[in-house]
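The numbers here are math on the coordinates, done by the rules we state, and not lab data. Here the structure is a predicted model, which means the values were calculated and not measured. Using ideal geometry, Cβ is built from the backbone for each residue, glycine included, and neighbour counts are taken over all protein chains shown.
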Amino acid sequence: MKRTALFLSFFLLVLLCVAQRASAVAVGQIDTFQDGTTDNWTNGPFAPPVVNIASGGPAGAGDRYIQLTADGGGAGSRLTTFNFQQWIGNNYVSAGITALEIDLLNPSAVPLSIRFAFQAVAVNGGPGYLSTAMLLPVGSGWQHFSISITPANLIAVGAPTPFSTFYDDGQGWLRIINEVGTSNLNGDVVIGQLGIDNIHAVPEPRSFPLVAGGLLVLGAEAVRVRRGRMRDRNGASKCHPLIGGM
């Protein structure tokens, strides 16, 4: 058991070293899995592999998604997946990402409680943060979630540094786990499956009201200018010496 844990830690560290050359998380990025891969989502060398399912996603026929499987024993006992490529590398706060959107499917015989888990280092027991739970009752079909990852809406686990500086060293990693409680970042032991699609980094929401407000101001100004020109034309027509009074 101890040898397995050491090997897993080594495997994670190797992945993390490779990931340092990958692109950092960026506003608007989305994993749709339509290329037939798992988009670098994995769950370690001993667990049942993350697989790409060719059809049956939220959009129906032809919509690909990934599926996790947990067998309730050993390294494959938990529904969890992590990404050491496009979802690490810098601070989510400084990148302007305040929420993550995701589509989830529970084909299991038990309800699931899915969370995003942010961990500082790639070792079991490292400190981090949990998101609020995304509850998936049995037979609930595909469900869409938008989960805030602002510091006020995250749950600290293991005394991490403030979330605003949590990823400053570029070594944090993102996990998706099934976790009813809020005491660890590994997830609960379970027998079941989980479908995942459309993992989306949502941009800073304050930009949307600003853009909308700007468009409203421009629109109002255009209407004002147009009405002013119409009044000027109408006034000029009434005072023209060749019109009327002849």
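Would you order 200, 144 from fewest to most other beta-carbon atoms within 10 Å of each residue's own beta-carbon? Please list the in-between numbers first.
Numbers: 200 18, 144 12.
Starting with the residue having the fewest Cβ neighbours, the order is 144, 200.
Summing Lys and Arg as +1 and Asp and Glu as -1 over all other residues whose Cβ lies under 12 Å from the Cβ of residue 113 gives a net charge of -1.
Report the net charge of residues surrounding residue 174, where surrounding means a beta-carbon distance below 13 angstrom and charges are Lys +1, Arg +1, Asp -1, Glu -1. Kindly include the intermediate steps, with their values, before the conclusion.
Values: positive: 115, 175; negative: 31, 39.
Around residue 174, the charge tally is 0.
Can you tell me the length gained on complete extension of the stretch residue 32 to residue 101, counting 0.36 nm per residue apart and subtracting the Cα distance?
Values: separation 69, 0.36 × 69 = 24.84 nm, distance 1.17 nm.
Stretched out fully, the residue 32 to residue 101 stretch lengthens by 23.7 nm.
Taking Cβ atoms as reference points and 15 Å as the exclusive limit, the residues near residue 141 contribute a net charge of -3, counting Lys and Arg as +1 and Asp and Glu as -1.
Between amide H atoms placed 1.01 Å from N, distances below 5 Å from residue 38 occur with no residue 5 or more places distant or on a separate chain.
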